[in-house]
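**Student:** Quick one: structure below, then a few questions.
The values are calculated or read from the model by the stated rules, or taken from the named source; none is laboratory data. As the structure is a prediction and not an experimental result, all values here were calculated from the model. Glycine also receives a Cβ, built like all others from the backbone with ideal geometry; neighbour counts cover every protein chain displayed. Ligands, DNA and RNA are excluded from the accessible area calculation, which covers all protein heavy atoms including side chains. Shrake-Rupley method; radii C 1.70, N 1.55, O 1.52, S 1.80 Å.
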Amino acid sequence: MPALDLALRAALDARQPLLGELHAQGTDCYRLFHGSQEGAPGLTLDRYGPQLLVQSFHQPLQREALLGLHSAINERLGLDLHLVYNDRAGGNSRVDRRDAVYQATPEALDDMLGQEWGLNYRVRGRHPGQDPLLFLDLRNARGWIKANSAGQSVLNLFAYTCGVGLCAAAGGAREVVNLDFAEGNLAVGRENGALNPSLPAMQFIQSDYFPAIRQLADLPVASRRGQKLPAYPRLAPRQFDLVFLDPPAWARSAFGTVDLLRDYQSLLKPAILATAEGGTLVCCNNLAKVELADWRDQVLRCAAKLGRPLRDCQVLPPAADFPSHDAKPPLKTLILRL
Ligand SMILES: C[S@@+](CC[C@H](N)C(=O)[O-])C[C@H]1O[C@@H](n2cnc3c(N)ncnc32)[C@H](O)[C@@H]1O
């Protein structure tokens with residue numbers, strides 16, 4: 001049997017107990033194969049409800065290999081999942097895109113529904129962005145939010161498709177505010193809200209992070225080297241009971257640079273100030289080359305410097321569908337009690 005089939009078989013065996021737990025808790029979106037740790041770097045296989053999403057990042061998968069993975073998963077799960085294969089290896093790709101296996105059937109590219117923690121999410125195999133509409137490694141953090149947001153005012157920063165906000169609403173938050181600068185991502189967030197009609201309505205702010213969080217934190221909105229700033233929504237200073245900060249690894253805008261390697265501080269400082277005394281800030285760093293211990297020290301130092309020393313700091317690892325043999329998962333999450 002080819003090495004890839006054996007590696008998939010081992011990955012599915014290892015997930016057997018987890019899949020039972022996930023199905024019981026109302027989750028049908030999870031990673032089935034995490035290639036970097038399970039024998040095929042640059043390859044991931046994810047279930048999103050009725051869909052199997054295969055992604056390759058280094059080199060394209062050959063047709064037979066792809067079909068073999070699809071049928072092995074269908075057989076193991078007892079399902080007939082719609083296959084979508086997205087090769088993200090860019091210029092390396094030599095796959096013949098006219099082949100139906102690579103193009104995906106029209107049904108596989110239809111809008112679908114996935115579930116996580118009993119909530120509905122929009123699943124779309126291809127859309128204008130590169131990434132799937134739900135980041136699966138954040139599932140435990142979303143679960144934590146759902147279990148810990150009753151009665152709280154919640155601010156979801158870099159909200160993307162608002163999964164964290166949705167979990168806060170489902171967990172009984174008294175107010176949920178999602179903030180992101182991309183209207184397309186917030187539109188999917190609105191759709192996710194509509195797919196869960198029993199939940200209270202969420203709020204959405206379309207804004208760059210820096211002016212928004214600095215206004216909330218009552219800090220001046222600085223321009224870079226005196227340059228004129230683009231327009232931005234005006235917000236009154238205020239604090240939230242629960243703040244969630246999950247920025248991308250790197251992004252530049254007219255207002256500043258998001259850089260998780262060199263400057264977490266300028267993201268974190270205003271987020272701490274926008275968290276109420278006695279409140280909680282959950283923050284993430286998904287850059288693999290940043291060590292948890294170093295990043296945690298930076299976070300603790302930043303809080304102390306602001307005169308907001310932590311009452312508690314807890315690490316929340318991703319679930320077992322994102323195995324990490326060196327115990328150093330790229331996604332690191334800290335729960336900070338302020
Ligand atoms: C990695 S995703 C965040 C994932 C998200 N926290 C979740 O729960 O799935 C990055 C998001 O940050 C947004 N973004 C990037 N730079 C931004 C900025 N300067 N201001 C506001 N949003 C930004 C992007 O539009 C994208 O939705």
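**Student:** Please enumerate the residues belonging to the stretch 1-60 that are of a type in the set (S, T, Y) and within 14 Å of L79 (Cβ to Cβ).
**Tutor:** Step one: filter the stretch 1-60 for residues of a type in the set (S, T, Y), giving 27, 30, 36, 44, 48, 56.
Y30, Y48 - these are the residues of the stretch 1-60 that are of a type in the set (S, T, Y) and within 14 Å of L79 (Cβ to Cβ).
**Student:** Can you tell me which residues in the stretch 241-265 are crowded, with 18+ Cβ neighbours inside 10 Å, under 21 Å from the mean Cα position of the chain (by Cα) and either more than 15 Å from the ligand (Cβ to nearest atom) or not acidic (D, E) (or both)?
**Tutor:** Passing the criteria: L242, V243, F244, L245, P247, V258, L260, Y264.
**Student:** Can I ask one more? What's the number of the only condition in (1) in a loop (DSSP other than H, G, I, E, B); (2) among the basic types (K, R); (3) open to solvent by less than 10 Å² (accessible area, probe 1.4 Å) that R126 fails to meet?
**Tutor:** Of (1) in a loop (DSSP other than H, G, I, E, B); (2) among the basic types (K, R); (3) open to solvent by less than 10 Å² (accessible area, probe 1.4 Å), only one is false for R126: (3).
**Student:** Which one is nearest to the ligand (Cβ to nearest atom), of the residues in the stretch 190-211 that are in a helix (DSSP H, G or I), more than 16 Å from P248 (Cβ to Cβ) and open to solvent by less than 40 Å² (accessible area, probe 1.4 Å)?
**Tutor:** Within the stretch 190-211, the subset in a helix (DSSP H, G or I) is 190-194, 209-211.
Applying the additional criterion that residues be more than 16 Å from P248 (Cβ to Cβ) yields 190-194, 211.
Of the ones still in play, those that are also open to solvent by less than 40 Å² (accessible area, probe 1.4 Å) are 192-193, 211.
On the way: N192: 11, G193: 14, P211: 9 Å.
Ranking the qualifying residues of the stretch 190-211, first place goes to P211.
**Student:** Can I ask one more? Would you pick out the residues in the stretch 129-153 that are assigned to a loop (DSSP other than H, G, I, E, B) and surrounded by fewer than 20 Cβ atoms within 10 Å (Cβ to Cβ)?
**Tutor:** So the first thing to find is which residues in the stretch 129-153 are assigned to a loop (DSSP other than H, G, I, E, B), and the list is 129-135, 148-152.
If the condition is that a residue be assigned to a loop (DSSP other than H, G, I, E, B) and surrounded by fewer than 20 Cβ atoms within 10 Å (Cβ to Cβ), then G129, Q130, D131, F135, N148, A150, G151 are the ones that fit.
**Student:** Is it the case, given these coordinates, that A303 is in contact (Cβ under 8 Å) with a residue 60 or more places away in the chain, open to solvent by less than 50 Å² (accessible area, probe 1.4 Å) and more than 14 Å from the ligand (Cβ to nearest atom)?
**Tutor:** Values: in contact (Cβ under 8 Å) with a residue 60 or more places away in the chain: no; open to solvent by less than 50 Å² (accessible area, probe 1.4 Å): yes; more than 14 Å from the ligand (Cβ to nearest atom): yes.
The answer is no for A303.
**Student:** Further question: Among the numbered criteria (1) at negative phi; (2) under 25 Å from the mean Cα position of the chain (by Cα); (3) among the small types (G, A, S), which one does A3 miss?
**Tutor:** (2)
**Student:** Something else: Testing P230 on (1) within 24 Å of the chain's Cα centre (by Cα); (2) within 13 Å of the ligand (Cβ to nearest atom), one condition comes back false. Which one is that?
**Tutor:** (1)
**Student:** Can you find even one residue in the stretch 154-166 that is open to solvent by less than 50 Å² (accessible area, probe 1.4 Å), more than 9 Å from the ligand (Cβ to nearest atom), in the same structural domain as F244 (by TED's automatic domain parsing) and not aliphatic (A, V, I, L, M)? Spell out how you get there, then give the answer.
**Tutor:** So the first thing to find is which residues in the stretch 154-166 are open to solvent by less than 50 Å² (accessible area, probe 1.4 Å), and the list is 154-166.
Subset that is more than 9 Å from the ligand (Cβ to nearest atom): 154-155, 166.
Of the ones still in play, those that are also in the same structural domain as F244 (by TED's automatic domain parsing) are 154-155, 166.
Restricting the remaining residues to those that are not aliphatic (A, V, I, L, M) gives none.
The answer is no; no qualifying residue exists.
**Student:** Please find, within the stretch 120-153, the residue that is farthest from the ligand (Cβ to nearest atom) out of those that are out of contact with any Pro (no Cβ under 9 Å at 6 or more places or on another chain) and basic (K, R). Explain how you work it out, then say what you get.
**Tutor:** The initial filter retains those residues of the stretch 120-153 that are out of contact with any Pro (no Cβ under 9 Å at 6 or more places or on another chain), namely 120-122, 126-135, 142-153.
The next check asks that each one be basic (K, R); those that pass are 122, 126, 142, 146.
Working: R122: 13, R126: 17, R142: 7, K146: 13 Å.
Step by step, filter the stretch 120-153, then rank; the result is R126.
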